[in-house]
1. Using the structure shown, decide if residue 74 is open to solvent by 30 Å² or more (accessible area, probe 1.4 Å), at pLDDT below 75, over 30 Å from residue 1 (Cβ atoms) and in a helix (DSSP H, G or I).
2. Out of all the residues in the stretch 1-57, which are open to solvent by 100 Å² or more (accessible area, probe 1.4 Å), part of a helix (DSSP H, G or I) and either in contact (Cβ under 8 Å) with a residue 24 or more places away in the chain or among the hydrophobic types (A, V, I, L, M, F, W, C) (or both)?
3. Any residue in the stretch 105-114 that is modelled with pLDDT of 90 or more, under 24 Å from residue 31 (Cβ atoms) and among the basic types (Lys, Arg)?
4. Could you grab me the full set of residues in the stretch 2-41 that are over 17 Å from residue 113 (Cβ atoms) and in contact with a helix residue (DSSP H, G or I) (Cβ under 8 Å, 6 or more places away or on another chain)?
5. Are there any pairs, at least 6 apart or on different chains, whose C-beta atoms fall under 9 Å, with the first in the stretch 81-92 and of a type in the set (Asp, Glu) and the second open to solvent by 100 Å² or more (accessible area, probe 1.4 Å), and if so, which?
Amino acid sequence: MFVCDIMTKNVYTIPVDKKLNIAKEIMQWAQIRHIPVVDEKENLVGLISSHDLFKASISIMSNGSFVKESLQAKHLWQISVEKIMVKEIATVTPDTLVQKAANVMRKNKIGCLPVVGLK
């Protein structure tokens, strides 16, 4: 079996120049944990995870105190996706065997494996 047989085909992406609040809204609305980041030509340039958003959200709490949700939201409006996205990401192609893709995920300890090279 190949990756193209089981992959999600309608993927939400986010442009590299957007702010983190948009990524958070997409993740909450679509109930997803990862969003591929694309450039103006729709090329994959990074990946944002819900964990990345969580870390960015708590970065405002530098002294360990509780911060209101409204301040966290304002904080996310100020940070670009490009600033925190993971840039070095493992990828596979649609014709990769599922077993090989699973090995890549296990080896890299990742929960998302973008598929590139779609026709």
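1. Yes.
2. Of everything in the stretch 1-57, those that are open to solvent by 100 Å² or more (accessible area, probe 1.4 Å), part of a helix (DSSP H, G or I) and either in contact (Cβ under 8 Å) with a residue 24 or more places away in the chain or among the hydrophobic types (A, V, I, L, M, F, W, C) (or both) turn out to be 6, 29, 54, 55.
3. So far as the stretch 105-114 goes, yes, one or more of its residues are modelled with pLDDT of 90 or more, under 24 Å from residue 31 (Cβ atoms) and among the basic types (Lys, Arg).
4. 14, 15, 16, 17, 18, 19, 20, 21, 22, 23, 24, 27
5. 82/17
Results for (1) at pLDDT 95 or above; (2) more than 9 Å from the chain's Cα centre (by Cα), shown as yes or no for each residue.
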{"residue": "3", "(1), (2)": "yes, yes"}
{"residue": "8", "(1), (2)": "no, yes"}
{"residue": "13", "(1), (2)": "yes, no"}
{"residue": "19", "(1), (2)": "no, yes"}
{"residue": "28", "(1), (2)": "no, yes"}
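The values are calculated or read from the model by the stated rules, or taken from the named source; none is laboratory data. Everything numeric here is computed off the predicted structure, so don't read it as measured data. Using ideal geometry, Cβ is built from the backbone for each residue, glycine included, and neighbour counts are taken over all protein chains shown. Areas reflect the complete protein model, heavy atoms only, side chains present, ligands, DNA and RNA absent. Shrake-Rupley method; radii C 1.70, N 1.55, O 1.52, S 1.80 Å.
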